[in-house]
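Please read the structure below before turning to the comments.
Values in this text are rule-based calculations from the coordinates and carry no lab data. What you are looking at is a predicted structure, and each value in this text was computed from that prediction instead of being measured. Cβ placement follows ideal geometry from the backbone for every residue including glycine, while neighbour counts extend to all protein chains displayed.
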Amino acid sequence: MKYLNTGVISLALVMGLLIYNQCSQTSFEANQINLDSSSFQVQTKYLQNLRLQLESQSNLAIVTEAQTLADRECTAVDIESWINCVGEAKKNKINRINVNGPIYCGDESCALGVESIPQFKLVGNDQGSFVRYGGYSVSLFKFLSVGSIIINGIKVFESSNKPIQIIPEAEEVNDICIQTRSKACASTLEIYNSQSVEISKTYFENGKIFNAAFWSIEDLRIDSSRFDKAFLFGIWGSKIKKMNLTNSIFQRNRSNGFLIEFTQSEQVLISQNTFDQNHHATAFHVCGLSGKEPCPGGQVDLVGKSQNIVLEKNTFLNAKVSGEFPEDLRYNFITNVEFEPKEYFIEAVKIDSNYFENNSSGMFYVNLPLEKGKSTFKSEIKVDNNYYCVTPKAFYNFAKEYKWSSQISYQNNSERCLAGKSMVPQPPQAPQPPQAPQPPPGSPSLSNYVWSSSGWTTCSANPYFSYSNWSECSSGQQSRSYQCINQSGQQSRVVQCVSSIGEAINDSFCSTVTRPQSLQTCSVNCASSPLVHQTCSNSTSFASVSPAVISADSCELEFGKTTCSSLIKWSASGNSRACVFANGNLFACEGENSGKIAPWITKEGVLFELKVSNVKESQVLASVRVYAVSTNSLEAPDCSLNGSSTCTTFVRWSASGNSRACVFANGNLFACEGENSGKIAPWITASGVTFELKQNSSPQSSLLKRVVTRGF
């Protein structure tokens, strides 16, 4: 339900540019979509720029030959052999790859790029599949100016998409794709500038933008394939002349199951496909009178010159929003087939013998401003012999109420529920990760994957001296014994399996080597010298025996908090009845030499007074005021993995007036964005990431704060 021309297809570009005039009306009569709004003009401008980028990328002539070439093959059964085949294809030494085993792909090195050859085949057997959990900044398969392309029997499983809203009710972004400012996600399959493309018995799941993208294709044929759970479109295409889409399934793509733009559609057949729960989210917010409201739309979107198109014997199910985000429910007007003719026209379109069940809106919709008038229709849209079941009553008489009803031939359509039509076959399952290969006995590991460890965090121990009572005063001197306590603690580090290019991957790939320890005990000695001798007199007054001591350090406030904790320590010079008061209220009576944590220190400060007894009016032996201070703080909450290998946290920091402070993640520069700032980190793993706030952008600069964040 949005219109996009993309080839480079980076998320940063797509999220801003993806929409054309995909905004559907919420009623038949009202012209509510505001296609001539400033938002529409901005989208058109950006799309023109994007179109130029695609044209420049596909300006190479399609390489063809009069006769079919003999196959020069390479066979892949695992990641190592696949990367070898990718290298051979890049050198144009082969024109066919047989995928005969599961390929586990965690970085960009497994991306296949083929350019300027007459033909290429990618063929998989029953085990031919790709499990992809990283490297999303490039397409897994990309073909540029290849004459003929055949893809058969390939299955691609990518990690789950994670739509999030940085700002409430704003357009969602895929937090898997928020890597750095210089990288974004690409679609799984991209094909540009080809004469013939045939895709059969192929499965794509969880494309980070689209499952498949096509640009400038003479003849596109897709049969017995499946496109599920893309972040936006199952398929996006532009400048397609001929298309046969048959016997395929499109399920739970967040926006349209497929969106195709035609400038000259010579022959289009869409037959015997199943479309289920596509456009279950209002992924774009450019509709309504404000141009900022969420957009409903269709499971199928046909843009531009809709000419010579037949949609027959398809099944359309559950066209409605899922409530993924609460505001979506206000725009639950999801149709099944949407036409967006723009400046072109509609001619020779037939919608025949299809089945529609459990939909929130009608069979189809023509997204066309009133001022365009009837000139858009070169001939009637023929809507015949279709069945609909569990659809709003208003749409049963659609032809009578719709504003373009005079341009629609609507015959022999009836309400009828067909048993078994709502049963969609289950998708294939991703293969389990393999055991890492064993190296030969006595040799070093031959694996491309190694354990990587960060430095240890600061020990959690908080040591201090605990004293005995002072001895009797003798010759003006007294002494006491001491012990340094609370010396034991723990420290941790990030341990993760990484590929040869340093990208974190599943730990199973490093299973041949013992995993380094990520947690250990540690100890810290008391930093200062103990006070064990002092002068004294023989007076019995507590105040005159020797000076009593009470001490505490100021504590640092964390983000969003108004209090912090400080350890209050005291020595009462032999008075076992001494007590500590906080702002005049009894705080502790735990012996003459003790300590206790006060977890409610504020910026205004708390006055602690060591007194002779538990009586508020008793003599004050010593006092100290303790303050909460906003100095250096760093916060990165743990996040939920929800079955994925990574999750997203928001890192926030304050550097106490230091505008040059920077944050490092596992030793790598993460952000230098001012003394008080925040940034999303979308690659948190179960083993954790160590964030460090440092004085400046140099890794050797002073450490101000450290925190370890883990996915759970």
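For the reader, a short list of remarks on this structure follows.
- When the pairs Lys320/Lys382; Lys201/Lys350; Lys350/Lys378; Lys241/Lys378; Lys93/Lys201 are compared against a 22 Å limit on Cα-Cα distance, Lys320/Lys382; Lys201/Lys350; Lys93/Lys201 fall above it.
- Distance distribution P(r), region 145-236, all Cα-Cα pairs, bin width 10 angstrom from 0: 16, 42, 28, 13, 2 percent.
- Burial ranking of peptide ranges 298-306, 549-557 (average Cβ count within 10 Å, highest at the top): 298-306, 549-557
- Of the three principal axes defined by the Cα atoms of region 77-141, the extents in descending order read 31, 28, 16 Å.
- Net charge over other residues, Cβ less than 15 angstrom from the Cβ of Asp126 (K, R count +1; D, E count -1): +2
- Using a Förster distance of 51 Å, the FRET efficiency for Ser565-Gln127 (Cβ separation, nearest 0.05): 0.35
- Peptide ranges 222-233, 116-127 listed from the most packed, as the mean C-beta count within 10 angstrom indicates: 222-233, 116-127
- Dimensionless Rg ratio for region 612-671, taking C-alpha atoms and the 2.2 N^0.38 Å reference: 2.07
- Note that region 249-304, at 4 °C in a medium of 1.567 mPa s, gets a Stokes-Einstein diffusion coefficient of 103 µm²/s from its Kirkwood radius over C-alpha pairs.
- The gain in end-to-end length when the Arg416 to Ser698 segment is fully stretched comes to 94.5 nm, 0.36 nm per residue minus the alpha carbon separation.
- Charge sum, other residues only, whose C-beta stays under 12 Å from Thr315's C-beta, Lys/Arg counted +1 and Asp/Glu -1: -1
- Using the Cβ-Cβ distance between Val629 and Leu329 with R0 set to 51 Å, the FRET efficiency from 1/(1 + (r/R0)^6) comes to roughly 0.65.
- Positive end of the dipole of region 95-146 (Cβ unit charges, origin at the Cα centre): among Gln127, Cys105, Ile117, the Cα lying farthest that way belongs to Ile117.
- At q = 0.10, 0.12, 0.16, 0.20 Å⁻¹, base-10 log of I(q)/I(0) for region 216-368 (Debye sum, equal scatterers on each alpha carbon): -0.31, -0.45, -0.82, -1.28
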